[in-house]
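Input: a single structure, listed below in structure tokens.
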Amino acid sequence: MALAFTDMTALPTLAEVDILVVGGGTAGAVAGIAAGRTGYRTLVVEQLGYVGGTQTGALVTPMMPNQVEGVPLNGGIDAEINRRMNDLYESGVWSDGNRGWFNPESLKWVLEEMLLASGAQLLYYSFFEDVILAEGQVVGIVVTNKAGRVAIFAQRTIDATGDGDVAVRAGVPFASGDPETGVNQPFSVRFHLGNVDLQRLAAFLRSLGRSEILPEAEGSQVPLLHTAMVWGRGWTLEPLFQQAVAEGVLLPEDGEYFQVFTMAGRPGELAFNCPRISGQVDGTNPWHLTQAQILGRRAMRRYLAFCRRYLPGCENAYLVLSAPLVGVRESRRMVGEYVLTEADVLGARKFPDGIARNNYPIDIHRPTKDQRPGLTRLPPGEYHEIPYRCLVPLGVEQLLVAGRCLSATFAAQGSVRVQSNCRAMGEAAAVAMGMSLDAQIPPRQVDGVQLRQKLIAQGACL
């Protein structure tokens, strides 16, 4: 239940700003940078002690590819971040042009310094509690931190919480989960292993006959490597997984999804895009998130035992860290002025108010027994656009959403949820808020075509 402005007299005011960004994750950090650069007073509120969200807290590296013929589809601040990380040798460039094989720990401080340089302020260790409404407009939020419950007032607010927390509290309609089953996409609880002899591991993977290895890559002093295993998909590690299950090292579900990468800036380490957690996967349910961490750490121990026993180069590996954040692929999706659809994605539809370009496939993680397609790709060389209207929620003013909680169907969200697009949405939302303040109009009335032109002038590829 949202709080009325008249209810706030008993709460101390922590800050009054022009643009408030709630959540400093993949979309929110970039929204903060872009908002700070408008010159308006900007504050980013984040529940953790660092920005980057799933990139840095859920260890989601590398970025998934979003380019055509080796050329990234989104420029702007997304490209700026990648260039900085490439120049620092903290993010490698894969053979397809994906510039985001990054070190999550380094991304924390790169984003933080970009935010501070933009003029934005940061407030860590503060949890969004409620929204403050006045005559159908979002005018602030209530946060809880070590100082207690405090109010933050803002002329404009960007919900970059990932789950649409602010928008939902303000009464925005939303959808969640697969419309056929009601179930959300699976979680992942990622982890890193260290003390790995990457040269020996790469040689072993080559010996199996299928390898994805770049001995040298731009932006990395670490060889870039990828391997995976999913039951019945022809991966060369499958016989080893079958043996490990037979010998009691792994459970059958451990072979439903296994994926490994190396990272620039972290020699001798492997980043795991697993274990994948299915079943109870509502990213807004704290019991589900708790269970995911418990099950995830159990699975990590099994994967560590597997790597030590069956993968040359990993005999003396150890667990470097497990992700403090659960990787949530999909939860609440707000209903906005436009709902992006599967037909828009696969039809490569362009929009006059397009603010981001995408050709990442519709990527639905399904259980092995589910025979519906998991990956559905766009036509070769094609891309679609995300319209500004997908960031404009229904039913409330002075609020935009950015990131995976945009207005989209379940299938369409499964395509556009990747990091490059979330960054582009964060930048677009912030620039739109600056235009809204300049003209003293609600963000709903911002001309999306003019917004697109302003983004292009600032380096976006549109």
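The values are calculated or read from the model by the stated rules, or taken from the named source; none is laboratory data. Computed from a predicted model, the values in this text were never measured in an experiment. Here the Cβ positions follow ideal geometry from the backbone for every residue, glycine too, while neighbour counts run over all protein chains shown. Heavy atoms of the whole protein, side chains included, go into the accessibility calculation; ligands, DNA and RNA do not. Shrake-Rupley method; radii C 1.70, N 1.55, O 1.52, S 1.80 Å.
For the range 285-425, what relative contact order do you get, as a whole percent, if you take Cα pairs closer than 8 Å and at least 6 residues apart? So the answer I get is 29 percent. Around the amide H of A356, modelled in the peptide plane, lie the amide H atoms of I386, all under 5 Å away and 5 or more residues distant in sequence or on another chain. A simple packing score, the average count of other Cβ atoms within 10 Å per residue, orders the peptides 416-423, 252-259, 215-222 as 416-423, 252-259, 215-222, with the highest score first. For the range 278-405, the residue among Y310, Q293, I386 whose Cα projects farthest onto the positive side of the dipole built from Cβ charges is Y310. In order along the range 356-365, the phi-based Karplus estimate (6.51 cos²θ - 1.76 cosθ + 1.60, θ = phi - 60°) of 3J(HN,Hα) comes to 7, 10, 8, 9, 5, x, 5, 10, 10, 6 Hz; Gly and Pro are listed as x.
Against the criterion of solvent-accessible heavy-atom surface with a 1.4 angstrom probe, Y310, Y124 sort, most first, into Y124, Y310.
A 1.4 Å probe run over the protein chains yields, for the chain, 39 Å² of accessible area per residue, whole-number rounding. I need the shape label for the range 282-370. Rule: rounded when a/c is under 1.5, else prolate if a/b > b/c, else oblate, with a, b, c from the alpha carbon gyration tensor. It is prolate, given that a/c is not under 1.5 and a/b is the larger ratio. The listed peptides 140-146, 381-387, ordered by packing as a protection proxy, come out as 381-387, 140-146 (highest mean of other Cβ atoms within 10 Å first).
Across the range 433-446, computed HN-Hα scalar couplings (Karplus, 6.51 cos²θ - 1.76 cosθ + 1.60, θ = phi - 60°) run 5, x, 5, 4, 5, 4, 8, 6, 10, x, x, 4, 8, 5 Hz from first to last residue, x flagging Gly and Pro. Volume of the convex hull of the range 86-161 (Cα atoms only), normalised per residue: 141 Å³. The calculated 222 nm mean residue ellipticity attributable to helices in the chain amounts to -9000 deg cm²/dmol, summing -39500 (n - 2.57) over DSSP H runs of n ≥ 4 and dividing by all residues.
Pairs of Cα atoms nearer than 8 Å and 6+ residues apart set the relative contact order; for the chain it is 22 percent.
Largest first, the extents of the alpha carbon coordinates of the chain on the three principal axes equal 65, 44, 43 Å.
Partners of K146 within straight-line reach, counting aspartates and glutamates whose Cα lies under 16 Å from its Cα and excluding those fewer than 8 residues away in the same chain: E46, E129. Partnerless cysteines in the chain, where a partner means another cysteine C-beta under 4.7 angstrom, comprise C274, C390, C405, C422, C461. Straight-line cross-link reach from K454 at under 18 Å between alpha-carbon atoms covers these aspartates and glutamates, not counting any fewer than eight positions away in the same chain: D78, E80, D353, E385, E427, D438. According to the Cα-based calculation, Rg over Rh for the range 317-366 is 1.13, with Rh computed by the Kirkwood formula.
If you sort K454, K369 by accessible surface, 1.4 Å probe, largest first, the order is K369, K454. Axis angle, to the nearest 10 degrees, between helix 286-310 and the longest C-alpha principal axis of the chain: 30 degrees. From most to least packed by mean Cβ count within 10 Å, the peptides 93-103, 283-293, 324-334 give 324-334, 93-103, 283-293. Take every Cα pair under 8 Å whose residues are at least 6 apart in sequence, average their separation, divide by the length of the range 189-296, and the relative contact order is 31 percent.
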